[in-house]
Amino acid sequence: VQLQASGGGMVRAGDSLRLSCTAPRNMFPMGWYRQAPGKQRESVATLPDVGTTDYADSVKGRFTISRDNAKNILYLQMNSLKPEDTAVYYCHAQSRFFDNDFWGQGTQVTVSS
């Protein structure tokens, strides 16, 4: 069983989307990253078990990361979307038992102007 990211789609500027990442119990889902065509993967938002929530400057005030610990699902609420938010969004998780990182398959977000 792997990370399952969903919720992407094609929207217009100003619209909202909510991404979800369902993780198996042996993983701790803790971050969203994105990669636009021709660019490196970048951190969008992280929500560690201990520590502070962190957002990329470009999404502060528009995106909110949260986690349902009972269901082990990580969310990313994206409001006021902009064309520059267009990218494949990946969920990141860490193993609860070993020093491993896991990545979801990615979900495409496309924002038109």
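The values are calculated or read from the model by the stated rules, or taken from the named source; none is laboratory data. This one's a predicted model, so the numbers in the text were calculated from it and none came from an experiment. All Cβ positions, even for glycine, are placed from backbone atoms using ideal geometry, and neighbour counts span all protein chains on display. In case anyone asks, the SASA skips ligands and DNA or RNA and just uses the protein heavy atoms, side chains included. Shrake-Rupley method; radii C 1.70, N 1.55, O 1.52, S 1.80 Å.
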- [ ] Would you list, by chain and number, the lysines whose Cα falls below 17 Å from the Cα of LYS60, excluding same-chain residues fewer than 8 positions away?
- [x] LYS82
TODO: Can you tell me the relative contact order of segment 1-86? Whole percent, Cα pairs under 8 Å, sequence separation 6 or more.
DONE: 34 percent
Open item on the list: If you average the C-alpha positions of segment 6-65 and of segment 67-90 separately, how far apart do those two centres end up, in angstrom?
Closed with: 4 Å
TODO: Run the accessible area of the chain with a 1.4 Å probe and give the carbon-and-sulfur part as a rounded percent.
DONE: 47 percent
TODO: Leaving out ligands and nucleic acids, note down the accessible area per residue over the chain with a 1.4 angstrom probe, in whole Å².
DONE: 56 Å²
Open item on the list: Apply the Karplus curve 6.51 cos²θ - 1.76 cosθ + 1.60, θ = phi - 60°, to the phi angles in segment 102-110 and return the couplings in whole Hz, x for Gly and Pro.
Closed with: 10, 10, x, 7, x, 10, 7, 10, 10
Open item on the list: Which of rounded, prolate or oblate describes segment 1-42 when judged by the alpha-carbon gyration tensor and an a/c cut-off of 1.5?
Closed with: oblate
TODO: Note down the net charge around ARG12, summing +1 for each Lys or Arg and -1 for each Asp or Glu among other residues with Cβ under 12 Å from its Cβ.
DONE: -1
Task: GNM result for the chain, Cα springs below 10 Å: residue of THR52, THR64, THR86 fluctuating most strongly - done: THR52
- [ ] Answer rounded, prolate or oblate for segment 44-92, using the Cα gyration tensor with square roots of eigenvalues a ≥ b ≥ c: rounded when a/c is under 1.5, else prolate when a/b is larger than b/c, else oblate.
- [x] prolate
